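The values are calculated or read from the model by the stated rules, or taken from the named source; none is laboratory data. As the structure is a computational prediction, the values presented were derived from the model and not from experiment. Counting neighbours? That spans all protein chains shown, and the Cβs are built from the backbone with ideal geometry, glycine included. Ligands, DNA and RNA are excluded from the accessible area calculation, which covers all protein heavy atoms including side chains. Shrake-Rupley method; radii C 1.70, N 1.55, O 1.52, S 1.80 Å.
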Amino acid sequence: MRITILTISDRASRGAYEDLGGPAIDSWLRRTVTTPMEISRKIISDGFETVRDELIALCDRETVDMVLTTGGTGPSPRDLTPEAMRAVLAKEFPGFGELMRRASLEHVPTAILSRQTAGTRGKTFILNLPGAPSSIDVCLNAVFAAIPYCLQLIGAGHMETDPAILEAYWPGRLNSR
Amino acid sequence: MRITILTISDRASRGAYEDLGGPAIDSWLRRTVTTPMEISRKIISDGFETVRDELIALCDRETVDMVLTTGGTGPSPRDLTPEAMRAVLAKEFPGFGELMRRASLEHVPTAILSRQTAGTRGKTFILNLPGAPSSIDVCLNAVFAAIPYCLQLIGAGHMETDPAILEAYWPGRLNSR
Amino acid sequence: MRITILTISDRASRGAYEDLGGPAIDSWLRRTVTTPMEISRKIISDGFETVRDELIALCDRETVDMVLTTGGTGPSPRDLTPEAMRAVLAKEFPGFGELMRRASLEHVPTAILSRQTAGTRGKTFILNLPGAPSSIDVCLNAVFAAIPYCLQLIGAGHMETDPAILEAYWPGRLNSR
């Protein structure tokens, strides 16, 4: 299970700002996923071409199983992660963005400003997360139960989670729910 | 009221798998709709061009009032129903996909993997449903109340439902709700 | 704060029908927003090019801070506001359409037929609202708390609301919630 955490932020990429999103995702994964993982972290600047090229390299050349991005999904002029996603994804899953916004809305009304989405390119699953660590946990808790089965369907690696923390759902398997 | 139920499945189309989705939709319609209907059923294989060409023929040549599809909306490489929909639809209604996923989420967390949608081409309304019969009922119960009025607005045939089972909503008409 | 309320309706534009949507938006804004506003109102006919050209002029030439449209988002053949939006928007926020449909669904099952959305072009924020005055209030109440912060992020004017009526949310500012 090879995972890349991609922080997308002009300020973090030039060191003007400490990347809090990347470590928050890393810590959530290590708490939740029980399958051995190789997690790599990378920080890049905002911008359509930067993000697009990095995502394509991760999917097509490095063929990681999953990319989790943080940042660049808001309304600001330099927030161009969704535009890059549209250029990269073979299949988009609107249900992820819908559910993450709905879960975040219980905390902040500005959740509807997030244009985060998810989808696949080849055998890589890509999920956009917000920048704020507290919102990252809300989003991962909301959608992650569906991800191991999705990875299986697209031919990526096998992933198990600690059911005491988050029970992944496998249609056809006897789940405790 | 002419309706086509379109099962989209490689396995069902070559007889390796019994089509359960088509009959589930057929039985739901016969239980719920009181207007006389001519329902035809068809099974085709997955694949972008197969689905696109079949949908175009049903809308433009046979001009049926409604097409209900089952299958091909998930993350697997051969699930290409949404891609075909995008090539076929003149107008897409994102609210249908949103509500069907939300209703299905109450049963299975993997509902967010479904890329099902709905829309119109000419005077035909097309709705994507999942493959599993139990999920089909959940989705039809969630969205069907809006369909008769939609058919009227696009100039398709008139449809009434049995209000004891599902009350269609007509803005401007005295509804019992 | 310069705002344009754009009524999109064949019947209202030729005087065959009184525009109720425009005045409903105007009255909601005057009740809720405390920042001095210059509100202009315009009525145009339905149709892809009419709506597209008007929206582009408002964003690029008049550079208003916000455009609120009413009408043209349904399934009827002449409802083409969403198609015009797609041609005009630099960034779309799917969360607005999702939340407005969800809020409207508590009142009418036909809310899923609405294809309303929101987004930005340059420093202008554009929001589609339905045609019926009662639905307009439901939609504005559902999403407006996120709009002043969005205007700030895109470099539009500063807007404050009366917190007794609707409390705008500013991440990082001490909100009373």
TODO: Among what's in segment C:134-162 and is of a type outside the set (A, V, I, L, M) and closer than 13 Å to C:L29 by Cα, pick the residue that is most open to solvent (accessible area, probe 1.4 Å).
DONE: C:N141
Task: Looking only at segment B:139-153, and only at residues there that are touching a residue at least 40 places away in the same chain (Cβ under 8 Å) and more than 8 Å from every other protein chain (Cβ to nearest Cβ), the one that is nearest to B:I5 (Cα to Cα) - done: B:L140
Open item on the list: Would you confirm, using the coordinates I've provided, whether B:R177 is at pLDDT below 95 and assigned to a loop (DSSP other than H, G, I, E, B)?
Closed with: yes
- [ ] Determine if segment A:89-108 includes at least one residue that is modelled with pLDDT of 95 or more, β-branched (V, I, T) and within 19 Å of A:T4 (Cα to Cα).
- [x] no
TODO: Specify which of the listed residues (A:R86, A:R121, A:R78) is more than 21 Å from A:L58 (Cα to Cα), at pLDDT 95 or above and not β-branched (V, I, T).
DONE: A:R78
Open item on the list: Let me spell it out: the conditions are (1) touching a residue at least 12 places away in the same chain (Cβ under 8 Å); (2) open to solvent by 10 Å² or more (accessible area, probe 1.4 Å), and C:I126 meets all of them except one. Which number is the exception?
Closed with: (2)
Task: Output for segment C:130-168, where each listed residue is in a loop (DSSP other than H, G, I, E, B), farther than 15 Å from C:A118 by Cα and of a type outside the set (A, V, I, L, M) - done: C:G131, C:G155, C:G157, C:H158, C:E160, C:D162, C:P163, C:E167
Open item on the list: If I filter segment A:91-118 down to residues being assigned to a strand (DSSP E or B) and surrounded by fewer than 23 Cβ atoms within 10 Å (Cβ to Cβ), which single residue comes out as farthest from the chain's Cα centre (by Cα)?
Closed with: A:K91
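Residues are listed down the side, and each one gets a yes or a no for (1) within 21 Å of C:D46 (Cβ to Cβ); (2) more than 9 Å from every other protein chain (Cβ to nearest Cβ):
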| residue | (1), (2) |
| --- | --- |
| C:P77 | yes, no |
| C:E83 | yes, no |
| C:A103 | no, yes |
| C:Q116 | yes, yes |
| C:F125 | no, no |
| C:P133 | yes, yes |
| C:D137 | no, yes |
Open item on the list: Can you list residue pairs whose Cβ atoms sit under 8 Å apart, with the first residue in segment C:94-114 being within 20 Å of A:F93 (Cβ to Cβ) and the second being surrounded by fewer than 24 Cβ atoms within 10 Å (Cβ to Cβ) and among the polar types (S, T, N, Q)? Count only pairs 6 or more apart in sequence or on different chains.
Closed with: C:P94/C:T117; C:F96/C:T117; C:G97/C:T117
Open item on the list: Whether any residue in segment C:62-84 is open to solvent by 20 Å² or more (accessible area, probe 1.4 Å), in a helix (DSSP H, G or I) and without any contact (Cβ under 8 Å) to a residue 12 or more places away in the chain is what I want to check.
Closed with: no
Task: Residues located in segment B:2-19, provided they are open to solvent by less than 40 Å² (accessible area, probe 1.4 Å), of a type outside the set (S, T, N, Q) and in contact (Cβ under 8 Å) with a residue 60 or more places away in the chain - done: B:I3, B:I5, B:L6, B:I8, B:D10
- [ ] Of the numbered conditions (1) of a type in the set (A, V, I, L, M, F, W, C); (2) without any contact (Cβ under 8 Å) to a residue 40 or more places away in the chain; (3) surrounded by fewer than 20 Cβ atoms within 10 Å (Cβ to Cβ), C:A168 fails exactly one; give the number of that condition.
- [x] (3)
TODO: Could you please find all residues in segment C:65-95 being hydrophobic (A, V, I, L, M, F, W, C) and more than 20 Å from C:C139 (Cβ to Cβ)?
DONE: C:A87, C:A90
Open item on the list: Any residue in segment A:20-48 that is in a helix (DSSP H, G or I) sitting within a Cβ distance under 8 Å of a residue that is surrounded by fewer than 16 Cβ atoms within 10 Å (Cβ to Cβ) and of a type in the set (K, R)? List the pairs, counting only those 6 or more apart or interchain.
Closed with: A:G22/A:R41; A:D26/A:R41
TODO: For segment C:62-75, state whether one or more residues are touching a Ser or Thr at 6+ places or on another chain (Cβ under 9 Å) and within 14 Å of chain A (Cβ to nearest Cβ).
DONE: yes
Task: Complete set of residues in segment B:24-51 that are within 15 Å of the chain's Cα centre (by Cα) and open to solvent by 50 Å² or more (accessible area, probe 1.4 Å) - done: B:S27, B:R30, B:S40, B:R41, B:K42, B:I43
